[in-house]
Amino acid sequence: MKPRVCILRTDGTNCDEETFYAFNKSGGESELVHVNMLRSGEKRLLDYHILALPGGFSYGDDVHSGKILAVELTSFLKEELQEFVAAGKPVLGICNGFQALVRTGLLPDGQVSGEIKAALIHNDSGRFECRWIKLLIEKTNCIFVMNNEGEQISLQVAHGEGKFYTDPATLNEIESAGRVVFRYSGEGALPTDEYPANPNGSLNAIAGICDSTGLILGMMPHPERFVDQIHYPNWRRGNQLKPQGEAIFQNTVNYAREM
């Protein structure tokens, strides 16, 4: 069985086709679904096995990045989205998708509450960061990175609002519960707060977190941009021949297939 993947899109989404390709390459059956199709009932979220919120600039990042999409999800699709999560189905938010997930409450708490405990705010550099960075994969229960703990991988970032920020109590809760999945890293595969290895000034070098179940993941870097060998700029020189974003999609599809 090929798990059905809902690639949720709306005005301003621009990484949907890359995410579609990444999941299909990993054995999924992706479908591009506009949020209006869910609101109208034309499509049902519960008919899918995986939900992905791709990157881009939903509604032009008006007001705040991901805010309007988050309001739509919490106002019109709250019950259906909560039922999807309660059924143990994976949810992946990449870049703008991560920004939306923290505004729904799905991260860090796994509940569609609309309560905002964390945010992705303007980069400390004061500009849009678009380049390759290195990430350290932490040891967690996150199904998206099973058996990949301790690896340092290279992925792209492309954001103007990517600094992970929260209050000290919430940060301590996230850390003590082992919900940090990715950290920006530098030499020796060690987490770093230093620019440019940490492209936005994220607290504790946090680049991605999950909820307590490990089934909801939000991350700022773009794994869908490195699922083929030729996606890496130096691939002809024999560098980084392993597509280091591919495992995230493969792990997700394998998990959904075995549910």
The listed residue being outside any loop (DSSP other than H, G, I, E, B), modelled with pLDDT of 95 or more and surrounded by fewer than 14 Cβ atoms within 10 Å (Cβ to Cβ), out of ALA158, ALA169, ALA247, ALA256: ALA169
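Rundown of residues vs (1) in contact with a helix residue (DSSP H, G or I) (Cβ under 9 Å, 6 or more places away or on another chain); (2) closer than 15 Å to MET219 by Cα, yes/no style:
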| residue | (1), (2) |
| --- | --- |
| PHE98 | yes, yes |
| VAL112 | yes, no |
| ALA119 | yes, yes |
| TRP132 | no, yes |
| GLU138 | yes, yes |
| GLU149 | no, no |
| GLY160 | yes, yes |
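Examine the range 214-237 for a residue that is among the small types (Gly, Ala, Ser) and either in a helix (DSSP H, G or I) or at pLDDT below 95 (or both), and state whether such a residue exists.
No, the conditions are met nowhere in the range 214-237.
Does the range 172-186 hold any residues that are in contact (Cβ under 8 Å) with a residue 24 or more places away in the chain and either surrounded by fewer than 21 Cβ atoms within 10 Å (Cβ to Cβ) or under 30 Å from TYR232 (Cα atoms) (or both), and which are they?
GLU173, GLU175, ALA177, GLY178, ARG179, VAL180, VAL181, PHE182, ARG183, TYR184, SER185, GLY186
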Verdict on PHE23 being in contact (Cβ under 8 Å) with a residue 40 or more places away in the chain, buried (at least 23 other Cβ atoms within 10 Å of the Cβ) and not hydroxyl-bearing (Ser, Thr, Tyr): yes
Single residue of LEU53, LEU73, LEU38 found to be within 19 Å of ILE143 (Cβ to Cβ) and crowded, with 16+ Cβ neighbours inside 10 Å: LEU53
Hits in the range 133-153 (condition: over 22 Å from VAL91 (Cα atoms) and either surrounded by fewer than 16 Cβ atoms within 10 Å (Cβ to Cβ) or touching a Cys at 6+ places or on another chain (Cβ under 6 Å) (or both)): GLY150, GLU151, GLN152
Condition broken by SER58, with the remaining ones in (1) out of contact with any Gly (no Cβ under 8 Å at 6 or more places or on another chain); (2) buried (at least 22 other Cβ atoms within 10 Å of the Cβ); (3) hydroxyl-bearing (Ser, Thr, Tyr) satisfied: (1)
Condition broken by ARG39, with the remaining ones in (1) in contact with a Phe, Trp or Tyr (Cβ under 7 Å, 6 or more places away or on another chain); (2) basic (Lys, Arg); (3) closer than 23 Å to PHE226 by Cα satisfied: (3)
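Table: residues versus (1) charged (D, E, K, R); (2) assigned to a strand (DSSP E or B); (3) within 21 Å of GLN156 (Cβ to Cβ); (4) within 18 Å of the chain's Cα centre (by Cα).
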| site | (1), (2), (3), (4) |
| --- | --- |
| ILE7 | no, yes, yes, yes |
| GLU18 | yes, no, yes, yes |
| TYR21 | no, no, yes, yes |
| ASN24 | no, no, yes, yes |
| GLY27 | no, no, no, no |
| LEU38 | no, no, no, no |
| LYS43 | yes, no, no, no |
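Within the range 91-136, count every residue that is in a loop (DSSP other than H, G, I, E, B) and small (Gly, Ala, Ser). So that I can check it myself, show each step before the final result.
Within the range 91-136, the first condition is being in a loop (DSSP other than H, G, I, E, B), and the residues that meet it are 95, 105, 110-117, 122-128.
Applying the additional criterion that residues be small (Gly, Ala, Ser) yields 105, 110, 113-114, 125-126.
Matching residues across the range 91-136 total 6.
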Residue check, GLN99 over 23 Å from TYR232 (Cβ atoms) and either over 13 Å from the mean Cα position of the chain (by Cα) or not hydrophobic (A, V, I, L, M, F, W, C) (or both): yes
Subset of the range 245-259 (residues that are touching a Ser or Thr at 6+ places or on another chain (Cβ under 6 Å) and not aliphatic (A, V, I, L, M)): PHE249, GLN250
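Can SER65 be described as farther than 23 Å from ILE116 by Cα, polar (S, T, N, Q) and either touching a Ser or Thr at 6+ places or on another chain (Cβ under 9 Å) or surrounded by fewer than 20 Cβ atoms within 10 Å (Cβ to Cβ) (or both)? Steps first, please.
On the way: farther than 23 Å from ILE116 by Cα: no; polar (S, T, N, Q): yes; either touching a Ser or Thr at 6+ places or on another chain (Cβ under 9 Å) or surrounded by fewer than 20 Cβ atoms within 10 Å (Cβ to Cβ) (or both): yes.
So SER65 fails the test.
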Cross-chain or 6+ apart pairs with Cβ under 8 Å, the range 128-140 first and among the polar types (S, T, N, Q), then buried (at least 19 other Cβ atoms within 10 Å of the Cβ) and in a loop (DSSP other than H, G, I, E, B): THR140/ARG179; THR140/GLY214
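The values are calculated or read from the model by the stated rules, or taken from the named source; none is laboratory data. Since we're looking at a predicted model, the values are computed, not measured. As a convention, Cβ positions derive from the backbone with ideal geometry for all residues, glycine included, and neighbour counts pool all protein chains shown.
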